[in-house]
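Asks: Before we start, here is the structure in question, set down as structure tokens.
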Amino acid sequence: MKYRFLSGVAFAALLGLPIVTAATEDDITEITVEGSRVANDKPAGTYATPATLLRFDPLTELQSRGIAEGQADVTVRGGLFENTGFRLGAATVFDPQTGHYVAELPIDPAWLTAPVIKHGIDNSLSGFNANIATVAYDFAPIEPGGQLLAGFGSDSLDYQSLRLGTTIASRGGVEHIAALSAARSSGDGTVANGDHEFSRINLALQRRAAGSQTDVVLAYQDKFYGWPGAYTGFATLAETDDTQTALAFFNHRQEVGRGWWRVSAYYRSLEDDYDFDRTTQESGAPGSFEHETRVYAVAADGLLERGRVSWRFAVQATGDELVRSTDLTEGNFDDRSYLTVSVVPEIELMSDARRSLVLRAGANADLSSRDANALLPQLGLRYARTRNGAEEAISIEYAGSSQVPGYTALNSRPAGLFGGNPLLGRERAEQLALTVSRETAATRGSIAVFYREDSNLTDWTFAQGAPFARQANAVDLDVTGIELMGGLTRGALNLYAGYTWLDKSSDYGTATVDASYYALNYARHRATVSLIYTPIDTLELRLDNEYRVQEDNPLRQGDDNTYWGSVALRWLPSQVDGLLVQLTVDNLSDSDYQQFPGTPAVGRQTTLSAGYSW
């Protein structure tokens with residue numbers, strides 16, 4: 001009933017919209033995301049991963065257990081960690097066990113473009129099994145040369161990384177480049193039993209020609225990290241997580257006339273050995289929490305312009321397998337196949353040199369071998385104009401999306417440390433959003449107001465009667481939010497600020513729920529400010545700031561509001577071309593705020609690093 005209501009509101013709003021309307025969210029995001037929304041691309045706790053740039057992004061909220069590069073839950077617009085997907089090229093890289101591992105992209109971020117945050121219609125069009133948002137990356141051109149980087153810091157931290165690229169063939173405007181990237185890191189952490197040992201190795205072959213680029217990447221990452229109370233919320237438990245992630249990825253993009261198409265394919269495996277108490281001896285029996293999953297996928301997307309109609313399309317076929325598990329044994333299946341097909345044509349209702357009015361109307365179909373299927377409409381209208389050197393836009397859109405829960409929620413035993421529920425079904429979301437933006441050569445700003453209805457969302461909850469258990473329960477949520485973004489580039493200064501306000505109402509049906517670990521663990525108010533200041537060519541100051549007022553949670557110890565900051569001073573001496581020296585401090589205020597209720601915060605970290613590029 002609630003879905004029919006929101007759909008009706010969306011269509012009525014669009015039909016009654018005056019001719020003073022919208023540029024697509026995708027268009028707006030593509031323009032602004034390449035500007036610096038985040039200042040620090042190097043963390044103080046280890047080497048950089050794709051999660052690093054998301055820590056202070058005003059469009060994403062990254063919640064971590066320990067350092068963000070150790071474990072990262074990424075949420076957008078009040079969603080949950082499993083509601084955000086990560087896409088490379090045309091394919092969403094998926095973890096079928098749990099959304100806690102979807103951010104495990106074992107690829108050097110230097111080989112990727114800056115992340116584009118897609119939500120609304122763009123998420124429904126481009127994403128897979130991600131109700132709220134998709135963090136999308138493309139493969140960046142790899143340049144010949146190399147870089148050697150080493151860092152040392154507090155809590156016995158030391159890390160090193162190496163990148164090498166060389167042209168192996170160049171003829172007739174076609175280049176073939178081979179590349180290697182390797183990194184390692186270890187440290188004791190800012191709390192007892194908060195140590196880590198990470199390693200990553202990547203091999204890549206890239207072919208570049210006029211209008212096309214082909215990439216083949218082989219990636220492997222081995223990560224061990226400890227953090228007390230990481231998933232249980234009990235700081236007395238010395239928890240560890242040991243994962244090995246392998247990824248083989250192929251991507252090809254081709255420009256064609258007034259459009260483009262792209263095809264991707266990948267194989268991903270993840271082995272996970274989680275221990276809720278490292279002081280005990282595991283036996284390989286239930287309670288050892290050892291798992292292995294595999295995923296295969298092929299995907300394509302593109303844009304083909306035909307007169308006044310631009311055809312946007314995307315398709316992804318995915319298969320997964322829970323290869324083995326000591327604990328995920330109670331569900332109805334351990335393999336699943338999926339197919340997602342999206343077609344959203346864009347029709348120019350008006351277009352000239354200064355103005356455009358575009359209607360977006362289409363649908364995406366989500367199919368699965370184990371779940372109910374879904375057909376979801378997409379509808380949007382945008383108006384953009386150029387005036388006095390500024391691009392101004394306003395858009396309104398309605399977007400439907402769906403996803404299915406992972407094996408940890410479906411196949412865990414119904415009672416115990418992590419209680420599962422094999423009857424959990426397809427989750428759905430419907431969002432109505434209004435966005436207004438303005439951009440000039442030196443400034444950019446936007447405001448978005450949205451309302452979303454989430455149905456049958458999988459949450460993990462707490463009940464006083466079972467204090468040592470986390471239970472998977474379905475929840476219906478009504479989410480209302482406002483996003484304000486603004487940036488300024490002036491001379492030596494690059495500044496970007498964001499503010500998000502969220503409000504939620506929840507309905508868990510007949511389930512006994514006294515607290516929520518995820519759905520109701522959100523910032524009611526969150527503000528970010530990022531600054532890059534270059535007073536002289538050889539010196540940079542980089543500062544990221546976040547202040548939040550978190551919704552009250554009975555399991556959280558300490559304050560519900562906090563300031564968290566990161567600062568870096570970067571020196572590029574003119575006497576040695578290619579040398580970079582950086583001092584980085586994360587958690588400037590040494591805040592002890594618990595991102596997850598009951599889980600200790602990561603403390604202040606300081607690192608001195610030096611790198612040489614050639």
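Asks: How many lysine pairs are close in the chain, with Cα atoms under 27 Å apart and the two 8 or more places apart or on different chains? Don't skip to the end; give the middle numbers.
Replies: Details: Lys2/Lys118; Lys2/Lys504; Lys42/Lys118; Lys42/Lys223; Lys118/Lys504.
Step by step, the pairs that qualify in the chain add up to 5.
Asks: On to the next question. By average Cβ neighbour count within 10 Å, what is the ranking of 397-409, 484-496 from highest down?
Replies: On the way: 397-409: 26.3, 484-496: 16.6.
Going from most to least packed, we get 397-409, 484-496.
Asks: Hey, what D do you get for the range 300-354 in µm²/s if you plug the Kirkwood alpha-carbon radius into Stokes-Einstein at 10 °C and 1.306 mPa s? Walk me through the numbers before you get to the answer.
Replies: On the way: Rh = 15.0 Å.
Stokes-Einstein gives a translational diffusion coefficient of 106 µm²/s.
Asks: Sticking with this one: Taking square-rooted eigenvalues a ≥ b ≥ c of the alpha carbon gyration tensor, is the chain rounded, prolate or oblate, where a/c under 1.5 means rounded and, failing that, a/b exceeding b/c means prolate?
Replies: Values: a/c = 1.32, a/b = 1.06, b/c = 1.25.
Rounded, because the longest to shortest axis ratio a/c is under 1.5.
Asks: When the dipole is taken about the Cα centre of the chain, and only Lys, Arg (+1) and Asp, Glu (-1) are charged at their Cβ, what size is it in debye, to the nearest 20?
Replies: Details: 50 positive and 77 negative charges, 429 e Å.
That gives the chain a dipole magnitude of about 2060 debye.
Asks: Still on this model: Just want to confirm a number: the relative contact order over the range 330-376, from Cα pairs under 8 angstrom separated by 6+ residues, in percent. Please list the in-between numbers first.
Replies: Values: 67 pairs, mean separation 17.5, N = 47.
Once divided by the residue count of the range 330-376, the mean separation gives 37 percent.
Asks: What order do you get for 217-229, 41-53, 135-147 when each peptide is scored by the mean count of other beta carbon atoms within 10 Å, highest first? Mind dumping the intermediate values first?
Replies: Numbers: 217-229: 21.2, 41-53: 23.5, 135-147: 18.4.
Peptide ranking by packing, descending: 41-53, 217-229, 135-147.
Asks: Report the relative contact order of the range 113-189, percent, no decimals, based on alpha-carbon pairs under 8 angstrom and at least 6 residues apart.
Replies: 23
Asks: Given N residues in the range 457-614, what is Rg(Cα) / (2.2 N^0.38 Å)?
Replies: Taking the Cα Rg and dividing by 2.2 N^0.38 Å, one obtains 1.39.
Asks: May I pose another question? Using Cα-Cα distances under 8 Å and only pairs 6 or more residues apart, what relative contact order does the chain have, in percent? Can you show the working numbers first?
Replies: Details: 1809 pairs, mean separation 81.9, N = 614.
Result for the chain is 13 percent.
Asks: Right, here's the next one. Could you give me the ³J(HN,Hα) list for the range 506-522, computed from phi with Karplus coefficients 6.51, -1.76, 1.60 and θ = phi - 60°, whole Hz, x at Gly and Pro?
Replies: For the range 506-522, the Karplus-derived couplings read 10, 9, 9, x, 8, 5, 7, 10, 9, 7, 10, 7, 10, 4, 9, 9, 9 Hz, x marking Gly and Pro.
Asks: Along the range 293-300, what does the Karplus equation 6.51 cos²θ - 1.76 cosθ + 1.60 (θ = phi - 60°) give for ³J(HN,Hα), rounded to whole Hz, x for Gly and Pro?
Replies: 10, 9, 9, 10, 8, 9, 8, 8
Asks: Hey, what do the phi angles of the range 270-276 turn into as Karplus ³J(HN,Hα) couplings, whole Hz, using 6.51/-1.76/1.60 and θ = phi - 60°, x for Gly and Pro?
Replies: Per residue, the Karplus-derived 3J(HN,Hα) values read 9, 10, 10, 10, 9, 10, 7 Hz.
Asks: For Gln97, which sequence-distant residues (separation of 5 or more, or a different chain) have an amide H within less than 5 Å of its own amide H, given hydrogens modelled in the peptide plane?
Replies: Here Tyr407 satisfy the definition.
Asks: Over the alpha-carbon set of the range 225-302, divide Rg by the Kirkwood Rh and report the Rg/Rh ratio to two decimals. Intermediate values should be presented prior to the final figure.
Replies: Working: Rg = 19.9 Å, Rh = 15.6 Å.
Ratio value, two decimals: 1.27.
Asks: Using only the alpha carbons of the range 403-507, determine the length spanned along each of the three principal axes and report them from longest to shortest in whole angstroms.
Replies: Sorted largest first, the three principal extents are 59, 30, 25 Å.
Asks: How many Å³ per residue does the convex hull of the Cα positions in the range 316-386 occupy? Present the calculation step by step, with values, prior to reporting the outcome.
Replies: Details: hull volume 9.1 nm³, N = 71.
That works out to 128 Å³ per residue.
Asks: Just to compare against my own numbers: the Cα pair-distance distribution for the range 471-519, 10 Å bins, whole % per bin, please.
Replies: Distribution as computed: 19, 31, 20, 16, 11, 3 percent.
Asks: Add -39500 (n - 2.57) for each DSSP H run of 4 or more in the chain, then divide by its residues: what number comes out at 222 nm, to the nearest 500 deg cm²/dmol?
Replies: Details: 4 runs with 34 residues, N = 614.
One gets -1500 deg cm²/dmol as the mean residue ellipticity at 222 nm.
Asks: Find the centroid of the Cα atoms in the range 433-457 and in the range 150-183, then give the distance between the two in whole Å.
Replies: Here the answer is 37 Å between Cα centres.
Taken together, the values in this text are just the output of simple stated rules run on the coordinates, not laboratory data. As the structure is a prediction and not an experimental result, all values here were calculated from the model. Positions of Cβ are backbone-derived with ideal geometry, glycine not excepted, and every protein chain shown enters the neighbour counts.
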